[in-house]
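What follows is a single structure, written as structure tokens, with notes after it.
The values are calculated or read from the model by the stated rules, or taken from the named source; none is laboratory data. Please read these numbers as outputs of a predicted model, since none were measured by experiment. As a convention, Cβ positions derive from the backbone with ideal geometry for all residues, glycine included, and neighbour counts pool all protein chains shown.
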Amino acid sequence: MTRILISGAAGFIGFHLARRLAARPDHEVICVDNFARGARDKAFLALIAQDNVRFVDADLCNETAVKALPTDVDYVYHLAALNGTQNFYERSLDVIRCCTLPTLFLAEHYSMAKALKRFVYAATSEAYASTVTRFGWPVPTAEDVPLSIDDVTNPRWSYAASKMHGEIVTAQAGAARDMPYSIIRYHNAYGPRMGDRHVIPDFFERVRDGKYELFGHADTRSFLYIDDAVTATLAVGETQACRNEIVNVGGTEEITMLELGNKMLSVREITADIIKHPSPSGSVKRRAPDVAKLQRLTGFLAQVSLEDGLAATARYYLDDVLDGFGPID
């Protein structure tokens, strides 16, 4: 059996990754979470009820709890974090604590695991946002971009700065302890069960209430549906060429938030004028990844169109259906 440990398995990417891996009969999946952000819902309970899935309820900010995790694993996917744009502003200290301490403790713990094939760290495109804004760095942006912090007094940087720290911890644990690692910089993965406090679920929730309001309408992003994000994550984690590499994972279509909002209405056949609001302070105006390295090292190509992905996401947020599980209550 191949053994995989996933931190943050009740969260968004972690859940979908665990679900994909649990479908492999020769894999054992160890799901770790404490529901600080992830959900103990019907979908997660169905996941951990499978014979080859084990659930560990652990607070990864507690070093003792981390030291109790099994080390005889082949892969660690460290996805646990306190994410969500509104959280960056409203719970900045919690964001720092929940992003920083688990990475330190997990990297220390698994740098001593001799059988480990890969420690995969979930980083973020937020880490280089101010480089693009302040210095006009090219967009789409490659992995060699310098990371920077625009304003330490702006709580938005609680997440990006913590994730920068995590990249350094992961890389230096790899160098000092010969721990094989990969760092994935995710760029706006989206899909069913991604929680709230992100642009797509927030907009769909407002649509549910008949409110067609959008923030940061002129900002641009690229989006990658969760099924493709999981495929790319596994490709990075399992490809030898990605060992000790930083790799962008994201979509290739850069669109404005207003274009995104109109597409979200279109997949539900809704005709309405969107009320436009400016973006929060510190929000980067353009963001899209250069994914040439991902494609070169793994051969990955996205399979799900934005329209199809938004339609599946709408079914979850507006119809209470998670594909493969039926009604979510």
Selection over region 288-329 where residues are part of a loop (DSSP other than H, G, I, E, B) and either at positive phi or modelled with pLDDT of 95 or more (or both) yields a count of 12
Among residues of region 121-170 being among the aliphatic types (A, V, I, L, M) and without any contact (Cβ under 8 Å) to a residue 24 or more places away in the chain, the residue surrounded by the fewest Cβ atoms within 10 Å (Cβ to Cβ) is Val152
Subset of region 282-303 (residues that are farther than 14 Å from Ile246 by Cβ and not aliphatic (A, V, I, L, M)) | Gly282, Ser283, Lys285, Arg286, Arg287, Gln295, Gly299, Phe300, Gln303
Any idea which residue in region 67-103 is farthest from Asp33 (Cα to Cα), counting only those that are in contact (Cβ under 8 Å) with a residue 60 or more places away in the chain and hydroxyl-bearing (Ser, Thr, Tyr)?
-> Tyr89
Could you look through region 275-287, keep only residues that are among the hydroxyl-bearing types (Ser, Thr, Tyr) and in contact with a Gly (Cβ under 9 Å, 6 or more places away or on another chain), and pick out the one that is modelled with the lowest pLDDT?
-> Ser283
For region 57-66, how many residues are surrounded by fewer than 19 Cβ atoms within 10 Å (Cβ to Cβ) and either part of a loop (DSSP other than H, G, I, E, B) or touching a residue at least 12 places away in the same chain (Cβ under 8 Å) (or both)?
-> 5
Determine whether Val267 is surrounded by 17 or more Cβ atoms within 10 Å (Cβ to Cβ) and either within 22 Å of Glu143 (Cβ to Cβ) or free of Cβ contacts under 8 Å to residues at least 40 places away in the same chain (or both).
-> no
If only one of Asp219, Asp178, Asp196 is on the phi > 0 side of the Ramachandran plot and either touching a Leu at 6+ places or on another chain (Cβ under 9 Å) or not aliphatic (A, V, I, L, M) (or both), which one is it?
-> Asp178
Scan region 216-239 and give yes if some residue there is modelled with pLDDT of 95 or more, assigned to a helix (DSSP H, G or I), in contact with a His (Cβ under 9 Å, 6 or more places away or on another chain) and among the small types (Gly, Ala, Ser), otherwise no.
-> yes
